[in-house]
Amino acid sequence: MLDFETLLHQVKNQTKVIEVSADDQFDFVDRDYAYIIESGSLLVVGERNSGTGVSPTHTLEENDPVGFAEAIAARPPKLKFKQVTDLTLRQFKSSDIRKFVDRANVFSKTIIKYSIGRIFGQTRTSSNLAFEEGFIDKNYDLLKKRRVARDEEVFKIGSVAKDMFFINKGLVQVVSREMKVIAELGVGECFGESALFDFRPRTYGVVASQNSDLLVIDSEQVEIEVSKEPAIVRLAVLLLVKRLEVMNNLRLLQQN
């Protein structure tokens with residue numbers, strides 16, 4: 001659905017490539033810029049576990065984003081970085097990204113804002129309300145409805161990602177393979193954004209923690225809405241979903 005290489009090619013004239021030696025003291029937390037790794041490895045260090053004193057880590061590699069959430073939200077970085085190898089980075093101006101995101105339609109802007117909220121550990125925001133009014137209410141009759149009972153799986157780890165979901169009523173938990181809770185989501189929130197990728201297997205499961213009513217937004221509807229956007233907005237959507245997966249992984253490691 002969102003082809004990374006195609007999108008990157010379409011925005012190349014808005015970016016530049018920089019080479020960073022492993023010996024350089026490169027500032028990865030400069031909020032004026034965001035990056036995509038074209039080659040090399042970068043270690044991400046998450047928040048320290050207060051009980052064990054250990055900080056979880058995750059290795060970023062080719063095509064992974066650095067600083068896109070911070071660039072769009074115009075806020076300080078949440079992560080620390082340790083360079084592992086020489087890097088080739090594609091550099092984006094944060095101001096350019098924000099300019100295009102601010103002009104995005106309500107569907108794309110909500111996915112972006114909602115992803116950023118979960119990346120930074122925030123809960124329901126006004127952007128969710130705008131999504132309800134600007135997309136859900138207008139398309140309510142076209143959306144499939146699904147009712148799930150308490151403790152029922154909405155989808156399993158490894159299942160094909162064909163839909164994303166909007167919680168109309170109830171509460172769900174995002175869980176790991178070991179059934180550890182990564183996030184709890186309530187009314188007005190979305191999940192299953194990996195439907196934005198090309199039918200990738202789900203990396204996490206979702207279980208209803210209450211009887212819940214869900215609205216199903218299928219991949220075709222997602223594609224119609226997101227395809228209206230300039231390439232840089234579509235790329236930002238894709239990269240933020242990838243960043244959210246990294247944050248989910250770090251939070252899971254932090255629990256151990």
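Inside the range 83-124, residues that are among the hydroxyl-bearing types (Ser, Thr, Tyr), surrounded by fewer than 16 Cβ atoms within 10 Å (Cβ to Cβ) and at pLDDT below 85 make up a count of 1.
Of the conditions (1) crowded, with 18+ Cβ neighbours inside 10 Å; (2) under 22 Å from Phe26 (Cβ atoms), Thr57 fails just one. Which one is it? Evaluating Thr57 over (1) crowded, with 18+ Cβ neighbours inside 10 Å; (2) under 22 Å from Phe26 (Cβ atoms) leaves (1) as the failure. The condition of being under 20 Å from Ala73 (Cα atoms) and under 21 Å from the mean Cα position of the chain (by Cα) holds for only one of Asp3, Asp32, Asp27, that being Asp32.
Working only within the range 174-190, note down all residues that are hydrophobic (A, V, I, L, M, F, W, C) and within 18 Å of the chain's Cα centre (by Cα).
Selection gives Val174, Val175, Val181, Ile182, Ala183, Leu185, Cys190.
Exactly one residue among Ala73, Ala34 is within 16 Å of Ile119 (Cα to Cα) and either touching an Asp or Glu at 6+ places or on another chain (Cβ under 8 Å) or without any contact (Cβ under 8 Å) to a residue 24 or more places away in the chain (or both), and that residue is Ala34.
So, in the range 213-241, of the ones that are at pLDDT 90 or above and among the charged types (D, E, K, R), which residue ends up farthest from Tyr140 (Cα to Cα)? Among them, the one singled out is Arg234.
Just give me the residues in the range 133-146 being exposed (fewer than 14 other Cβ atoms within 10 Å of the Cβ) and either at positive phi or assigned to a helix (DSSP H, G or I) (or both), in sequence order. Don't jump to the end; show me each part of the working.
To start, the set of residues in the range 133-146 that are exposed (fewer than 14 other Cβ atoms within 10 Å of the Cβ) comprises 133, 137-138, 140-142, 144-145.
Those that are exposed (fewer than 14 other Cβ atoms within 10 Å of the Cβ) and either at positive phi or assigned to a helix (DSSP H, G or I) (or both): Glu133, Asp137, Lys138, Tyr140, Asp141, Leu142.
Being closer than 16 Å to Leu240 by Cα, acidic (Asp, Glu) and surrounded by 15 or more Cβ atoms within 10 Å (Cβ to Cβ) is the requirement here; does Glu62 meet it? No; evaluated as a whole, the condition is false for this residue. Every listed requirement among (1) out of contact with any Lys or Arg (no Cβ under 9 Å at 6 or more places or on another chain); (2) within 16 Å of Arg118 (Cβ to Cβ) is met by Glu178 save one, (2).
Out of curiosity, is Gly205 over 18 Å from the mean Cα position of the chain (by Cα) and surrounded by 15 or more Cβ atoms within 10 Å (Cβ to Cβ)? Break it down into steps so the answer makes sense when it comes.
Values: over 18 Å from the mean Cα position of the chain (by Cα): no; surrounded by 15 or more Cβ atoms within 10 Å (Cβ to Cβ): yes.
Answer is no for this residue.
Starting from residues that are of a type in the set (Asp, Glu) and assigned to a helix (DSSP H, G or I), keep the ones in the range 67-107 and report whichever is farthest from Val20 (Cα to Cα). Across the range 67-107, the extreme among qualifying residues is Asp102.
The values are calculated or read from the model by the stated rules, or taken from the named source; none is laboratory data. Source: prediction; values computed, not measured. Cβ: placed from backbone, ideal geometry, glycine included. Neighbour counts: every protein chain shown.
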